[in-house]
Amino acid sequence: MIFLAIRYFLALQCGLFTWLCLIFDRIGCILKCVYPILYQIFMATYLDPAIAARIIEKKKILDQYRPFPKPILERLREQFIAEWTYNSNAIEGNTLTLRETMLVLERGITVKGKSLREHFEVTNHRAAIFELEKMIQSKEAISEDSILRLHAHILDNIDDRYAGVYRRENVRILGARHIPPSPFKIPDLMKDFFTWLNENPEQLSIIELAAVAHYKFVSIHPFIDGNGRTGRLFMNLLFMQYGFPPAVILVTDRHKYYDVLNEANLGDLKPFVRFIAQSVERSIGLYLEAIEPITDESQMGKEYILLREAAKNSPYSQEYLSLLARRGKIHAIKKGRNWYTTKETLEEYIMSPYTKRASAALSPRDKPVGPSAESD
C-alpha cells in the first residue's frame, strides 16, 4: 500500500519523475520474489497491514509444526468439516443444530422433525469438501470446472436439474441492495472472473484475493440456488491451496456477514476483506491451540481467555476489548458468541507505540463503545 501510494503520487507529477514510478514498480517485484511476506504486508490494498502482518506471522508459526501429528490432524479435520458444514448451512436457513449435524455426518442418523432437504444439505456439503480436498491433493489448476463440480455436490438430490449448471432465470437476493446480472451474461462474467483470478491484476495477497474472489462470485450469483455455500467453498479452496485452514464464517456472525457484503456492494471492500481475514485468523488460532505444546510457564500467556477475564487485569474495559476484537486491532477468536484473546496479545497491544499515543488522547474506559459486551 505504501509503495502504491507513492507510485500514484509520482504518476501525477511531471514526466521527469516517470522513471521513479518504474523504480517503485521494480521494488514491488523484488519484494514479491525475494521477500513475499514483506510484499504481502506492505503492498496490501484492502487489508490493514498490521492485521495482514499478524496473520502471516501466525501462519508462519503454524507451518513450523508441519507435518502435523496424524491424530491431531484427523481430529481437526473432523472438527472443521462439522463446524464448516453446520455454519455454512445455518447461514442459509438450515435448522439442524451443530450436534444434529454431527449425528448426521458421523452416524447417518435421521433427525426427527427435520426435512429431508436439510439432511441432504449436510451430506452434500461434506461431499463438496471431499471434492475440494481431492482438488488440492491432485494440485489441479483452479478453473470454471472447479466451481461447477463443487456446486453439483451442493444441489445433489435436492435439485438435480440445476446441480452444476448456471441459472437460466433472473433472481433477487433477499435483503440485499445488489441485483444479480441477467442469466445471459453469466457465461461471459464467469470467464472474466477466472481471467481476473488467474491474472490477479492488483497483485493481491492470498487473504485479499480469496476474500475478493468470494465477493465477486456471490455478486455474479451464477446459480439458481447454493451460491453462498459454493462461494464459501471456493474461497476456502483458494485458502487451502496456500496452506491456510478453512475460514469458517460463523452463523452467529450472519448479520455482520451480510452487512459487510452490502458495504462491498456500495463500493467499500475493506470491511468485507477484514471480516474474512478475521475468520481465517480464527481458524489458524484453533489449529495453533490444538498443535502448539504448552511445555513451560513462558507459554502460559498464550492460552485463550474470555474478554471479561482479560479486562480484569488490563487498563481496558470488556466493551473496549470487544471493539478492538471486532475491528481486528487485537488478535481474538470467536467461539459461539464470545470473544477470546490471550494475555500475551494484551501485553503486546498495551506496549505498542500506537496504543500509547491513543491512550494519551483519551482513556479507553471513557471511549463511547456502546452497550455490547463480548457478542458481536
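The values are calculated or read from the model by the stated rules, or taken from the named source; none is laboratory data. Bear in mind the structure is a predicted one, so any value in this text is a computation, not a measurement. No Cβ is skipped: glycine too gets one built from the backbone with ideal geometry, and neighbour counts run over all protein chains shown.
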Among the residues of segment 275-290, is there at least one that is outside any helix (DSSP H, G or I), in contact (Cβ under 8 Å) with a residue 40 or more places away in the chain and either surrounded by fewer than 18 Cβ atoms within 10 Å (Cβ to Cβ) or not assigned by TED's automatic domain parsing to the domain that holds GLU57 (or both)?
no
Scanning segment 293-324 for residues that are surrounded by fewer than 16 Cβ atoms within 10 Å (Cβ to Cβ) and of a type in the set (Asp, Glu), which turns out modelled with the lowest pLDDT?
ASP296
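Tell me whether segment 148-169 contains one or more residues that are under 22 Å from LEU269 (Cβ atoms) and out of contact with any strand residue (DSSP E or B) (no Cβ under 9 Å at 6 or more places or on another chain).
no
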Anything in segment 172-183 that is touching a Pro at 6+ places or on another chain (Cβ under 9 Å) and either closer than 23 Å to HIS125 by Cα or among the small types (Gly, Ala, Ser) (or both)? List them, or say none.
ILE173
Residue list for segment 265-274, restricted to those being modelled with pLDDT of 95 or more and either assigned by TED's automatic domain parsing to the domain that holds ILE56 or part of a helix (DSSP H, G or I) (or both):
LYS270, PRO271, PHE272, VAL273, ARG274
Under the condition of being in contact (Cβ under 8 Å) with a residue 12 or more places away in the chain and charged (D, E, K, R), which residue from segment 82-105 is surrounded by the fewest Cβ atoms within 10 Å (Cβ to Cβ)?
GLU92
For ARG327, state whether it is surrounded by fewer than 20 Cβ atoms within 10 Å (Cβ to Cβ), at pLDDT 65 or above, basic (Lys, Arg) and under 26 Å from PRO245 (Cβ atoms).
yes
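Of all residues in segment 44-81, which are acidic (Asp, Glu), touching a residue at least 60 places away in the same chain (Cβ under 8 Å) and part of a helix (DSSP H, G or I)?
ASP63
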Quick check on my filter: what residues within segment 189-235 are within 23 Å of LEU155 (Cα to Cα) and charged (D, E, K, R)?
LYS191, LYS216, ASP225, ARG229, ARG232
Please find, within segment 224-262, the residue that is farthest from the chain's Cα centre (by Cα) out of those that are part of a loop (DSSP other than H, G, I, E, B) and among the aliphatic types (A, V, I, L, M).
ILE224
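From the list LEU155, LEU197, LEU189, which one is under 30 Å from TYR46 (Cα atoms) and touching a residue at least 40 places away in the same chain (Cβ under 8 Å)? Give the steps one after another, and end with the answer.
Details: LEU155 fails: under 30 Å from TYR46 (Cα atoms); LEU189 fails: touching a residue at least 40 places away in the same chain (Cβ under 8 Å).
It is LEU197.
Picking from ALA176, ALA90, ALA141, ALA128, which residue would you name as being small (Gly, Ala, Ser), in the same structural domain as LEU237 (by TED's automatic domain parsing), touching a Leu at 6+ places or on another chain (Cβ under 9 Å) and closer than 27 Å to ARG66 by Cβ? Explain how you work it out, then say what you get.
Details: ALA176 fails: closer than 27 Å to ARG66 by Cβ; ALA90 fails: closer than 27 Å to ARG66 by Cβ; ALA141 fails: touching a Leu at 6+ places or on another chain (Cβ under 9 Å).
Among ALA176, ALA90, ALA141, ALA128, only ALA128 is small (Gly, Ala, Ser), in the same structural domain as LEU237 (by TED's automatic domain parsing), touching a Leu at 6+ places or on another chain (Cβ under 9 Å) and closer than 27 Å to ARG66 by Cβ.
Can you report the number of residues in segment 200-212 which are more than 11 Å from the chain's Cα centre (by Cα) and surrounded by fewer than 24 Cβ atoms within 10 Å (Cβ to Cβ)?
Initial filter on segment 200-212 (more than 11 Å from the chain's Cα centre (by Cα)): 200-205.
Remaining after also requiring surrounded by fewer than 24 Cβ atoms within 10 Å (Cβ to Cβ): 200-204.
The number of residues fulfilling the criteria is 5.
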It is to be established whether one or more residues within segment 354-370 are modelled with pLDDT of 75 or more, touching a helix residue (DSSP H, G or I) at 6+ places or on another chain (Cβ under 9 Å) and part of a helix (DSSP H, G or I).
no
Residues satisfying the stated conditions in segment 254-273, i.e. touching a residue at least 60 places away in the same chain (Cβ under 8 Å) and either buried (at least 22 other Cβ atoms within 10 Å of the Cβ) or within 18 Å of ILE173 (Cα to Cα) (or both):
ARG254, LYS256, TYR257, TYR258, LEU261, ASN262, ASN265, LEU266, PHE272, VAL273
